[in-house]
Amino acid sequence: MSKTNTSVSALFGVILLVISATSAMAQVDSKAQFNQNRDDVRGRVATLGCCRCLGGTNSLDLSTISSNNWTVNGNSVAFLTAINSFWNLPTGPANWVSTVATGGTGNIAAGPYEYKLKFVVPACAIEQTVTLAGNYGGDDDVPGVFLDNVTTSTSSLLATCSGGWCFNSTNNSNPRTFTTTVPPGTYYLRVKIQNSGGPSGMFVNAKLTSTCRS
């Protein structure tokens, strides 16, 4: 065999090796991207959209609904299908949630419970004025509904309810609504519940709404 043919064969072999390696890397990258996308879905953070045009609007539901990753004491909440008959506050699209699926009818240990939802208000090219508004209920007391700004390490008390009937429309007349403006940043909407025993849970019906700069 001539030297020329040998060189051509060697070059062809190198090309085949490069193609094989590139194909293998592409498969690895594809698998990694699939896993990353899957992890993003599992760990999704509620995020308000940016404005696409001047004068537009955006909204984001932060309620206790199945599409939001609410936690209680660091664990995923249980969405309740059966609730206590005294829990008669209107919840809108929100669901009552608790530590376990029987939280609305069973016995939950006395003590404090902290419910949290992480969300993001992005800093967008078109500025927007963002408002958080909602209502809530909890068994027994709600020492506070808080807005924690992770970006600035600050916390604001939005509302509180005491008296042991923060789940009933006739036995506690305290207002159960809140509203505040929300600048860009990363936040936790946090609800503290104090239970004295028996059933316990809470709901939050909350929404971010924004008006885009005109």
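The values are calculated or read from the model by the stated rules, or taken from the named source; none is laboratory data. It should be emphasised that the depicted structure is a prediction, and the values quoted were computed from it without experimental measurement. All Cβ positions, even for glycine, are placed from backbone atoms using ideal geometry, and neighbour counts span all protein chains on display.
In region 150-175, the qualifying residues are those that are under 21 Å from the mean Cα position of the chain (by Cα) and buried (at least 17 other Cβ atoms within 10 Å of the Cβ), and the one that is nearest to Gly111 (Cα to Cα) is Ala159.
Only residues that are touching a strand residue (DSSP E or B) at 6+ places or on another chain (Cβ under 8 Å) and at pLDDT below 95: list them for region 169-180, please. Result: Asn172, Asn174, Pro175, Arg176.
Screening Ala101, Ala94 for residues that are touching a Ser or Thr at 6+ places or on another chain (Cβ under 8 Å), part of a loop (DSSP other than H, G, I, E, B) and buried (at least 22 other Cβ atoms within 10 Å of the Cβ) leaves exactly one candidate, Ala94.
The condition of being part of a strand (DSSP E or B), crowded, with 21+ Cβ neighbours inside 10 Å and either at positive phi or not small (Gly, Ala, Ser) (or both) holds for Leu189.
Inside region 71-91, residues that are more than 15 Å from Tyr113 (Cα to Cα), crowded, with 19+ Cβ neighbours inside 10 Å and among the β-branched types (Val, Ile, Thr) make up a count of 1. So, Val204, is that one β-branched (Val, Ile, Thr) and either touching a residue at least 60 places away in the same chain (Cβ under 8 Å) or over 22 Å from Ala46 (Cβ atoms) (or both) or not? Spelling it out, Val204 is indeed β-branched (Val, Ile, Thr) and either touching a residue at least 60 places away in the same chain (Cβ under 8 Å) or over 22 Å from Ala46 (Cβ atoms) (or both). All conditions in (1) part of a strand (DSSP E or B); (2) closer than 30 Å to Cys212 by Cα hold for Arg52, with the sole exception of (1). Considering only residues that are outside any loop (DSSP other than H, G, I, E, B) and farther than 18 Å from Tyr115 by Cβ, which ones fall in region 192-214? Result: Thr209, Ser210, Thr211, Cys212. For Asp139, the conditions (1) surrounded by 21 or more Cβ atoms within 10 Å (Cβ to Cβ); (2) out of contact with any Ser or Thr (no Cβ under 9 Å at 6 or more places or on another chain) are fulfilled apart from (2). Scanning region 55-70 for residues that are crowded, with 16+ Cβ neighbours inside 10 Å and polar (S, T, N, Q) yields Asn58, Ser63, Thr64, Asn68, Asn69.
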